[in-house]
Amino acid sequence: MDRLVQRLDAEVCFRRLECAGDQLLIRSDSPDCPTELRSKAEAEEITILGRVIWSGHVLK
């Protein structure tokens, strides 16, 4: 499951998206952000802006 940057309503967030039948689970790595469950119609309103890439190297 990739971490994605997406626009939910007017907010830009980093979340994990997972299909659950005809619904979409939106999960955060942060325990402060609850998991959201969106219907297919609500999921169609989410704009994916990109995928989060992590590297353990020092950038110069």
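Taken together, the values in this text are just the output of simple stated rules run on the coordinates, not laboratory data. Keep in mind it's a predicted model, so treat the numbers as computed, not measured. Here Cβ is always computed from backbone atoms with ideal geometry, including for glycine, and neighbour counts include all displayed protein chains.
Scan around S28 for amide H atoms under 5 Å from its own, H built in the peptide plane at 1.01 Å from N, and keep only partners 5 or more places away or cross-chain. Here R16 satisfy the definition. P31 sits among other residues whose Cβ lies under 14 Å from its own Cβ, and their net charge, with Lys and Arg +1 and Asp and Glu -1, is +1.
Counting only DSSP H runs of at least 4 residues, each contributing -39500 (n - 2.57), and dividing by the residue count of the chain, the helix-based mean residue ellipticity at 222 nm comes to -1000 deg cm²/dmol. Remark: relative contact order (the chain) = 35 percent; criterion is Cα-Cα distance under 8 angstrom and separation of 6 or more residues.
For the chain, GluC sites (Glu not before Pro) meeting the loop criterion (DSSP other than H, G, I, E, B) and having at most 13 other Cβ atoms within 10 Å: E44, E45. Note on the chain: Rg/Rh from C-alpha atoms, Kirkwood Rh, equals 1.03. Rounded to the nearest Hz, the phi-derived 3J(HN,Hα) couplings of the stretch 26-38 under the Karplus curve 6.51 cos²θ - 1.76 cosθ + 1.60 (θ = phi - 60°) are 10, 10, 10, 6, 7, x, 7, 10, x, 5, 10, 10, 10, where x marks glycine and proline. Counted by Cβ distance under 14 Å from D9, the other residues give a net charge of -2, where Lys and Arg count +1 and Asp and Glu count -1.
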